[in-house]
Amino acid sequence: MTDLSAAHDAAVTDRGRLAESAYSSDRDLAARQSLYQWQTPRYDLPGIVVGQLSNVRGRVVDVGCGNGKFIQRLRQDRPDLDLLGMDVAPGILAGVTGPVAVADATRLPLATGSVDAALALHMLYHVPDIGQAVKELARVVTRDGLVIASTNSDQDKAELDDLWQRAAGDVLGIGRGPKRISLSARFSLEKAPAFLGEEFSRVETTELPGTITVRDPEPVIAHMASYRAWADQHDVPFEATLDRARTMLTDDIAQNGAFDVTCRGGILVCRR
């Protein structure tokens, strides 16, 4: 959904919900990440980030690092870097190796110009004041440093949105049910350049389009179930809709041999 209601906007950014439910562990995030193993072409997003940092020396902070997927790769490929992971959710930091800190993206506990690069990967849409978070990212990096952000397009995974609405409609006994909540809509690939352009004179977007093809419904259902922290925002019985979606997806795969999901994501590299 492109236009979030005030309730959905608040739910996507609520720190308590994020820290205590959505990212209290890496279970739901890992379910969303795992769906991409069936994507064609396969993008090595951590490898892409490593490549963008090829000329960076010194300190790199991963703001909203989640379960440390990118930090782990950087530790492997760039052991020379001084890495710090930050997230608003203490629970999800438990498995992240190396120094980490619980921190708010709008009030980073870092000195001005103290890092050589900052990562904000698939997380700025969770920040209540995106503009302030972008200001903080710009503040903490050196003058010649860079910021790398990532997010999804407004058109990302439209087939899952359609499946949800069809399943919800069946559960409610109406034609189509309400849309499911969109996490990335507040800072989508279409909106991100304007936010980032307020602080950075150069914002280069690299789109990473692909198609996920599954022949088993469970990875898709696990992805949809990973939104359970926002179940109260879906305006439909959550578990019943998941069950109906599983049945519909099983039928679709039996009829067509596979189910395709169109992915539209990308990264944005920002410099002053």
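Being under 17 Å from the mean Cα position of the chain (by Cα) and of a type outside the set (D, E, K, R) is a property that does not hold for PHE200. Scanning region 4-15 for residues that are assigned to a helix (DSSP H, G or I) and free of Cβ contacts under 8 Å to residues at least 60 places away in the same chain returns ALA6, ALA10.
Test SER54 against the criterion of being surrounded by fewer than 19 Cβ atoms within 10 Å (Cβ to Cβ), within 24 Å of VAL134 (Cα to Cα) and not charged (D, E, K, R), and give yes or no. Criteria met by SER54. Select from region 188-208 the residues that are touching a Gly at 6+ places or on another chain (Cβ under 8 Å) and either without any contact (Cβ under 8 Å) to a residue 40 or more places away in the chain or of a type outside the set (Asp, Glu) (or both) and write down the one among them that is nearest to ARG42 (Cα to Cα). Selected residue: LEU208. Apart from one condition, LEU18 fits all of (1) at pLDDT 95 or above; (2) outside any helix (DSSP H, G or I); the exception is (2). Is it true that some residue in region 8-25 is aliphatic (A, V, I, L, M), surrounded by fewer than 19 Cβ atoms within 10 Å (Cβ to Cβ) and farther than 22 Å from VAL96 by Cβ? Yes. Within region 147-169, the set of residues being over 18 Å from PHE238 (Cβ atoms) and among the aliphatic types (A, V, I, L, M) comprises VAL147, ILE148, ALA149, ALA158. Screening ILE48 against (1) hydrophobic (A, V, I, L, M, F, W, C); (2) out of contact with any Asp or Glu (no Cβ under 6 Å at 6 or more places or on another chain); (3) over 23 Å from ARG271 (Cα atoms); (4) assigned to a helix (DSSP H, G or I) leaves a single unmet condition, (3). Residues considered: LEU137, LEU119. Of these, the only one that is in contact with a helix residue (DSSP H, G or I) (Cβ under 7 Å, 6 or more places away or on another chain), under 27 Å from ALA10 (Cβ atoms) and either at pLDDT 95 or above or crowded, with 23+ Cβ neighbours inside 10 Å (or both) is LEU119.
Can you name every residue in region 253-272 that is free of Cβ contacts under 8 Å to residues at least 12 places away in the same chain and not aliphatic (A, V, I, L, M)?
Kept after step one, since they are free of Cβ contacts under 8 Å to residues at least 12 places away in the same chain, are these residues of region 253-272: 254-256.
Passing the criteria: GLN255, ASN256.
Applying the set (1) hydroxyl-bearing (Ser, Thr, Tyr); (2) touching a Gly at 6+ places or on another chain (Cβ under 8 Å); (3) not in a strand (DSSP E or B) to THR151 leaves exactly one unmet item: (3).
The values are calculated or read from the model by the stated rules, or taken from the named source; none is laboratory data. Fair warning: this is a prediction, and the values are worked out from it, not measured in the lab. Neighbour counts run over all protein chains shown; Cβ positions are idealised from the backbone, glycine included.
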